[in-house]
Amino acid sequence: MSLRSGDRVEVIIDSLAYGGKGVARYRSQVVFVALAAPGDRARVRVVEARQRFAEAVIEELLEAGDERRDPRCPAFGRCGGCQWLHVSAAAQARAKEEALFSTLARIGKVSPSARDPMVAAGAGGELGYRSRAILRGRSAGGAATLGFFAEGGRSLVGLPASCLVLDPRLDRAVAELSQRRWPAGAFELELTAVDDGRVHATLHVEAAAGYARALDGFPHRILDGRGRLLAETEPQLRVATKLSAAGRDVTVLTRPGVFSQVHRAQNQRLVDCVLEYAALTGTERVLDLYSGSGNLALPLATRARSVTGVEWSAESVADARLGAEASGLTNCDFHASDVARWLGSPDPEGHGVVVLDPPRPGAAEAMAPLAGARPRRIVYASCNPATLARDAGRLAALGYRLARARAIDMFPQTFHVEAVALFVPVDAGRVPQDES
Ligand SMILES: C[S@@+](CC[C@H](N)C(=O)[O-])C[C@H]1O[C@@H](n2cnc3c(N)ncnc32)[C@H](O)[C@@H]1O
């Protein structure tokens, strides 16, 4: 008989699901258990029952699994920022690899010829890594609660006195800002650590009145609900990310409040992996889609004949050009355009290598025009295994096979995982070989 809501059963947690929950089996049903760790034996209460699976919560932990550890955070279990503070680093790594490769197989019906080993964050990179965070805020007029939405909901959970995953500079800024005098209302606050030790604040509100005072002393930018700029201090301020590419240094410049990778140490590993998969010899013309401020394009340009970046944020495009100049790179150009629109027009240059790093929804509409241009290599960086898998399935149908893939842990203590995948044509003979 299937489980029903309210049932209490004893289960053993086998693994962790993408999304964060523990996975157990009860008879023929899969049971997703909130806040569970692999190896836990627990009495759980079913809170939602469907035909093939059930959702449950732990009523009594009968025996803690070997992978369970003390989460060390008073907000753990309520705050939606971290899902796996109570799970060992090794178990997190296994779960992320498994999430990537099983999702590729299940949704995309593809598996790579080579599974490259996961790039873990390592002991020094598992905590205090978040150099940029988008927080929610609320005030009744006076001090503010700053934090993340609760797991699976929209109620605000204030950050504890010390958040384990925030860069300590952000942690101090949260402590200070929350004590300021805020106008009554709700807002979104993006904090970014900048190089001189300060923290930049980008605030999204309906109207600016009273907010500039709350941010006094912090470089800041205030935007309204439609993204219109209401106030700004230090518009020249940029985060300078130093990256190494084949022994050469490049500097990526990013305006605070605009997309940048949150884990700066792991970002170098991401760049290393993209360079490895792109396997450039110096003769290639590279197309970098969703290029942001040039985080991948500039390192690629150190090894390519040329790089063309396509990104719809005009601010990021301007920063990418600044970064290229600061890095002494003259072989890259950047275009402010929607990727699908860009791919809709003919590519007179013929790019032999395409790198793409889309946001979470992926790049479904880009797959057909991309494959139609027959690049020799497609290197796809993704922060969402499900949309990567969907797009990988499309590429497979369009004559590309998944040659290699690897997971990179850019978001320790959460279920999120970054992945890089290399696609090559099944029929290499139909692809132009010489680009020079
Ligand atoms: C995951 S970020 C990657 C940026 C960059 N590769 C990096 O590593 O920092 C995705 C980028 O795609 C841009 N973007 C999102 N949708 C787009 C679209 N349809 N066309 C062009 N750019 C887009 C975003 O503004 C963002 O900069």
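Each value in this text was obtained by applying a stated rule to the coordinates, not by laboratory testing. Every value quoted in this text rests on a predicted model; they were computed, and no experiment measured them. Here the Cβ is made from the backbone with ideal geometry for all residues, glycine too, and neighbour counts use every protein chain on show.
If I take all pairs of Cα atoms in the range 8-63, what percentage of them are more than 14 Å from each other?
Details: 628 of 1540 pairs.
Of all Cα-Cα pairs in the range 8-63, 41 percent lie more than 14 Å apart.
Magnitude of the Cβ-charge dipole of the chain, K/R +1 and D/E -1, about the Cα centre, nearest 20 debye? Before the final figure, lay out each step's value.
Details: 54 positive and 50 negative charges, 172 e Å.
For this selection, approximately 820 debye.
Please arrange 367, 1 by how many other C-beta atoms lie within 10 Å of their C-beta, fewest to most. Display every interim value, and only then the final one.
Values: 367 24, 1 6.
By the 10 Å Cβ count, ascending, the order reads 1, 367.
Which one, 95, 231, 318, has the greatest fluctuation when you compute a Gaussian network model over the chain with C-alpha springs under 10 angstrom?
231
Return the calculated 222 nm mean residue ellipticity for the chain, to the nearest 500 deg cm²/dmol, obtained by summing -39500 (n - 2.57) across DSSP H runs with n ≥ 4 and dividing by the residue count. Could you put the intermediate results ahead of the total?
On the way: 9 runs with 88 residues, N = 436.
Taking each H run of at least 4 residues, the total per residue is -6000 deg cm²/dmol.
Net charge within 13 Å of residue 105 by Cβ-Cβ distance, Lys/Arg positive one each and Asp/Glu negative one each, not counting residue 105 itself? Write down the numbers at each step before the final one.
Details: positive: 106, 109, 115, 390; negative: 97, 98.
Computed value for this residue: +2.
From Cα pairs below 8 angstrom and at least 6 apart in sequence, can you work out the relative contact order of the chain, rounded to a whole percent? Numbers along the way, then the final one.
Numbers: 1045 pairs, mean separation 60.7, N = 436.
Result for the chain is 14 percent.
Which one of 155, 382, 316 has the biggest mean-square fluctuation once the chain is modelled by GNM with Cα springs under 10 Å?
Result for the chain, Cα springs under 10 Å: 155 fluctuates most.
Test of understanding: ordering 220, 86, 204 by Cβ neighbours within 10 Å, fewest first, what list do you get? Don't jump to the answer; show the numbers that get you there.
Working: 220 24, 86 21, 204 18.
Ranked by crowding around the Cβ, least crowded first: 204, 86, 220.
Could you tell me the relative contact order of the range 127-232? Use alpha-carbon pairs under 8 Å, at least six residues apart, and round to a whole percent. Let's see the in-between values first.
Details: 221 pairs, mean separation 26.1, N = 106.
Answer for the range 127-232 is 25 percent.
Any chance you could check the Cα centroid distance between the range 298-338 and the range 159-192 for me, in angstrom?
33
Taking the Cα atoms of the range 127-232 alone, what are Rg (to one decimal) and Dmax (as a whole number) in Å?
12.9, 36
Test of the criteria: in the range 47-100, which trypsin sites (Lys or Arg not before Pro) are in a DSSP loop and have at most 12 other Cβ atoms within 10 angstrom of their Cβ? If you can, show how the numbers build up before the last one.
Numbers: sites: 50, 52, 68, 69, 72, 78, 94, 96; in loops: 50, 52, 69, 72, 78.
Here the sparse-neighbourhood loop sites are 50, 52, 72.
Give a quick list of trypsin sites (Lys or Arg not before Pro) in the range 131-200 that DSSP marks as loop, anything other than H, G, I, E or B, with at most 10 other Cβ atoms within 10 Å. Don't jump to the answer; show the numbers that get you there.
Values: sites: 132, 136, 138, 154, 169, 172, 180, 181, 198; in loops: 154, 180, 181, 198.
Hits after loop and neighbour filter: 154.
Could you tell me which of 217, 38, 205 has its Cα farthest along the dipole of the chain towards the positive end, charges placed at Cβ (Lys, Arg +1; Asp, Glu -1), taken about the Cα centre?
Among 217, 38, 205, the one farthest towards the positive end of the dipole of the chain is 38.
Take the chain, connect every pair of alpha-carbon atoms lying under 10 Å apart with a spring to form a Gaussian network, then pick out the residue of 191, 329, 62 with the largest mean-square fluctuation.
62
Would you kindly derive the ³J(HN,Hα) couplings of the range 219-227 from the backbone phi angles with the Karplus curve 6.51 cos²θ - 1.76 cosθ + 1.60 (θ = phi - 60°), listing them in order in whole Hz, with x for Gly and Pro?
x, 8, 9, 10, 10, 8, x, 9, x
Counting other Cβ atoms within 10 Å, which GluC sites (Glu not before Pro) in the range 307-415 have at most 15 and lie in a DSSP loop? Let's see the in-between values first.
Details: sites: 311, 315, 325, 349, 365; in loops: 349.
Answer by residue number: 349.
With θ set to phi - 60° and the Karplus curve 6.51 cos²θ - 1.76 cosθ + 1.60, what are the ³J(HN,Hα) couplings of the range 230-239 in order, to the nearest whole Hz, using x for Gly and Pro?
With the stated coefficients, the range 230-239 comes to 9, 7, 7, 10, 6, x, 7, 4, 9, 7 Hz.
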